[in-house]
């Protein structure tokens, strides 16, 4: 199973469809601050074909798409459009070349109407003025074809994420793109909407458009894809005609690696119950969650982005409203404010290190000791030497490099930033850790260190709720795994489960029982 | 096209309340002479509001409005005083406003200084410059009749400023709702990043709005000077706050992306009506500045309440690719 | 690398500015460099300097307070009118300070609890507070009794009291910002409000406090100024908000928040004070002075915006982009824009 993806993939890409591609990416590489997002990737798009791009979170799909869209420049390799080499210096260049990308983050104007957003920047004109009626007619026809029921005069910002995305897809189709890339549209559409989208994509494909479809939902793949490309760890793991492979094959290509390696766990006897959730709901984000967490155990939460895992963790930390159900921390019900929860022993590591975690241009000292400033305060003033010493000690304990506490945290590598952030979370001496994506964007060495750290903490009685999109990490570290889908817990796996099984449950699109 | 009626309705309701109070307590308010005078004030204020609408709708702000108003007014008056005739004088005022607006535009778009800083700076440069150029302040009186006709004359019983305002409002409304150029203003204000991706030149649009504001101020100041029959350098003292009041109360979001001419007109009416009502009800006119502040706050709080009720979040978050925001 | 340049730039710019101003002003008039003149210059600018310190708190958290001049006026009027009504000056002074606190409180509540953008809220309260001052005072001037005249007019060891008060306020504020947990958290709030909340800190309270400080210090400044000129009038402090913002921007405190030091604000106060003094003793008309201040604001904004990127570009070609995000330049911080997802 552990084939070297690099060598065979090149031949595979060529072998599958030898006719000339509309867009050919060859040997594309891209690094960010020393971390390789893509290495020597080949990706060919042919007119009149739906190409499904698959891969775990972090496999490099987004980066590849952004390169095609002109939002990033590749560090190496070439791009050819209709056989001629091109460079898309910016997104506008790419879109002028007929490439339309529909991201998960909507690129539309929230204060304008749906109709206007469809024609943003390209209003149909009748003389000097805008031809609203023509636009409206065209849009209505399109919506009828797409089976979309969105009122054209509605303010876009009032729409749900799913609906807004539909508008964006419609907009791309309206502008007659030659290459249409959809970044996980299925994750926010219901079955009827999805079916109509697929019909439309099939129509577009038949009309000669090259469609790239990024998704996690495997039965979607086999419904509409002609070809499947799987990325893994920044390289092309496999390329195949959809007709020739099946789901298990795809999953194997996506996961692929030896899971045991990075994740040594010391066996621990679970202790007392640290957290008990009964029927916990947090608005639309998650519903009816039952969960028990004991000291000395790691419970993993698996699921797609949007399944409600983040919100659940944040609710426990007091950062997301709890709308019903009960939560007991230890024996007590604790006030739903972040500081009360922190005092009750909850430590929360946010999933987005840059946006939600670090204070980028402030020092390591400042970042690490922010939550425990009281410990160094005498007569209202911070004893800077004590503060620095504490930060230094924490940095040493967690292996943060370089060991210069006065550095701005933004100057450190992702792995070291993360360790510093963990140091801050640990500073309040929590008994329960909520870790979101603890090793995202972190190099292998730091990954291992962080895992060892978590293991050591758990061996001393820490309880950990691990939210991670890194499946091998989740499977390797957790004592048991709960799978969330569309806001509910849909299943549980014991230690030693097969990643494919966990993934399958998380990615399935079978409707969740009400 | 999306039209936000809720703020317009609120203003209309307030207007109704004030009118009702007046009808009960001071029926003399409704004498035609007074109404005509009020109408002229509303007209001029509305023109000022139109300029502010353009700038704020793109997410910027212009606190040098008062200074631009003063300079262009004085420029026009000086031209009229020198006998250049009403048309040329108006043109000079408009041109002056446009140039000053362009300065703001360059600072914000090319030099990329945040509009609050740029216009705070130009506010003092412009107003200081005015006093300097007029040798410590001037006071032009006795302007020629053909010029003052612009502010005091009437055609078929309707005062000239009202005519100006009507024409400008209709034109603006058409421009803002029926032409790509106008729609671009709202697109840029709503989500500059998305606008850029859609091929809109956001910088050009933003720069243009500052010029538009300058032009509007030039027209408004000419009408004011003509109406008063005299010009002085402190002409623009209350204009900045007035412009922002009318814009915000008129439903223009300070985040950019929304606003309407109708809202501006209604807001101008409300502001002027209340100001005038204060006198008629024998309330101290010194309260009018306070009142404007109160208006803005009330409008802001109201918009928050409306959004909360509509389930919308205060600041559109998480699904739109835009630039970072701060407290 | 870029960070270090950006951090030291304000100090360097300020020192250069100070030198330029001193040289230019002494060139304009031989009386400029006299110690008595310099002290008098700072004495006159002391109220503004105190206000600027308050403004710094607000700007540090990424906001702006345009109502400081109006709070200044309202507090002064409150003191004046209370004295005229027979209230002993000491009590009136305390009540005047309370007025400042309340003004700041209103601003703070609207911004922190309702999430309203500080620029519009404070433009509204700017009009509201001054209007209130105008209305309740009827536009007249109120005398301030001589009991506390030493505050505004006295000398200690040859140094004017207002300067001493400015220094004391600066010292207290500096201690608060640079040595207390409150200060650390305030800077963090300006640096990344989301992260502060996720770190379980009380962000709303912090936000509120910044505006209260600004209001309070505006009132302190009013007390100093009122006792300096022995009167109170509703037109006090017109244009002070511009001047305070100018000082803060020139002092290198970023309008985006989280960065900058009070020293910069103090130095900038001195620079502006000397500039205005030098110009006025050379009989340069006030309007030109205003132009200079406005020009200084724009010029420093341009320098701080363009110098760091130019310097870094000159040093090395850097194609590394962190995590796929393009480096952010300060966009339009005081004019709120929409939030982002990353």
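Values quoted throughout were computed directly from the atomic coordinates according to the rules given, and no laboratory measurement underlies them. As the structure is a computational prediction, the values presented were derived from the model and not from experiment. All Cβ positions, glycine included, derive from the backbone under ideal geometry; neighbour counts span all protein chains shown.
DSSP finds beta bridges in the protein assembly as shown, and of those with both partners inside it, around 60 percent are antiparallel. Peptides B:215-224, C:89-98, A:46-55, B:148-157, ordered by how many other C-beta atoms sit within 10 Å of their residues on average, highest first, read B:215-224, A:46-55, C:89-98, B:148-157. Once both labels are positioned 7 Å from their Cα atoms along Cα-to-Cβ, the gap between residue C:153 and residue C:26 label points is 3.2 nm.
Taking neighbour Cβ counts within 10 Å as the exposure measure, how do A:353, A:309 sort from fewest upward?
Numbers: A:353 24, A:309 28.
In increasing order of surrounding Cβ atoms, one gets A:353, A:309.
Compared with the alpha-carbon gap, the fully stretched path from residue C:113 to residue C:288 is longer by 58.9 nm at 0.36 nm per residue. Sequence-distant contacts, meaning Cα pairs under 8 Å at least 6 residues apart, place the relative contact order of chain B at 32 percent.
The sum of -39500 (n - 2.57) across all DSSP H runs of n ≥ 4, divided by the residue count of the protein assembly as shown, sets its helix-only mean residue ellipticity at 222 nm to -18000 deg cm²/dmol. Taken along its three principal axes, the alpha carbon spread of chain A comes to 74, 52, 45 Å, from the longest extent down to the shortest. Averaged over A:352-363, how many beta carbons belonging to a partner chain fall within 10 Å of each residue's beta carbon? That works out to 6 on average.
Taking 0.36 nm per residue of separation and subtracting the current Cα-Cα distance, fully stretching the chain between residue B:204 and residue B:21 would add 61.3 nm. Segment C:24-62 and segment A:437-474 have Cα centres lying 55 Å from one another.
Can you order the peptides C:221-231, A:423-433 by their average number of other Cβ atoms within 10 Å per residue, highest first? List each step's numbers first, then the result.
Numbers: C:221-231: 24.4, A:423-433: 19.8.
Ranking the peptides C:221-231, A:423-433 by packing returns C:221-231, A:423-433.
For segment C:2-313, what ratio Rg/Rh do Cα atoms give with a Kirkwood hydrodynamic radius? All intermediate terms of the calculation are to be shown ahead of the outcome.
On the way: Rg = 19.2 Å, Rh = 19.7 Å.
Dividing the radius of gyration by the Kirkwood radius yields 0.97.
Tell me the relative contact order for segment C:2-313 as a rounded percent, counting alpha carbon contacts under 8 Å between residues six or more apart.
Details: 515 pairs, mean separation 111.6, N = 312.
In percent, rounded to a whole number, it is 36.
Per 20 Å bin, what percent of the C-alpha pairs of segment B:5-326 does each bin hold, from zero upward? Reading upward from the zero bin: 32, 58, 10. Test of understanding: in a Gaussian network model of chain B with alpha carbons linked when under 10 Å, which of B:242, B:300, B:111 would top the mean-square fluctuation ranking? Maximum fluctuation in the GNM of chain B, among the listed residues, is at B:111. Each Cα pair under 8 Å and six or more residues apart adds its separation to the average, and for chain A the resulting relative contact order is 16 percent. Put the Cα centre of segment C:194-215 next to the Cα centre of segment A:75-123 and the gap is 40 Å.
Seen from a random direction on average, the alpha-carbon convex hull of segment C:39-84 projects onto 4.1 square nanometres.
Cα centroids of segment B:110-179 and segment B:191-265: how far apart, whole angstrom? One Cα centre to the other: 10 Å. Pick from C:296, C:265, C:219 the residue whose mean-square fluctuation is largest in a GNM of chain C, springs joining Cα atoms under 10 Å. Looking only at C:296, C:265, C:219, the largest GNM fluctuation is found for C:296. For segment C:181-323, taking the reciprocal of the average inverse distance between every pair of different Cα atoms yields a Kirkwood hydrodynamic radius of 18.1 Å. Placing pseudo-labels 7 Å out from each Cα toward the beta carbon at residue A:126 and residue B:234 gives an inter-label distance of 5.4 nm. Residues A:287, C:202, C:30 in ascending order of nearby Cβ atoms (within 10 Å, fewest first): C:30, C:202, A:287. Both radii are taken from the alpha-carbon atoms of the protein assembly as shown; with Rh as the Kirkwood radius, Rg/Rh is 0.99. Fully extending the segment from residue A:266 to residue A:428 would add 55.9 nm, taking 0.36 nm per residue of separation and subtracting the current Cα-Cα distance. Quick one: among C:277, C:235, C:192, which has the greatest mean-square fluctuation in a GNM of chain C with alpha-carbon springs under 10 angstrom? Looking only at C:277, C:235, C:192, the largest GNM fluctuation is found for C:192.
The simple spin-label model puts a point 7 Å past each Cα toward its Cβ; for residue B:158 and residue A:244 those points are separated by 7.6 nm.
By other beta-carbon atoms within 10 Å, ranking A:440, B:172 with the fewest at the front produces A:440, B:172.
Residue A:87 to residue C:310: FRET efficiency via 1/(1 + (r/R0)^6), r the Cβ-Cβ distance, R0 25 Å, to the nearest 0.05? Don't skip to the answer; put the middle values down first.
Working: r = 26 Å, r/R0 = 1.03.
Result of the calculation: an efficiency of 0.45.
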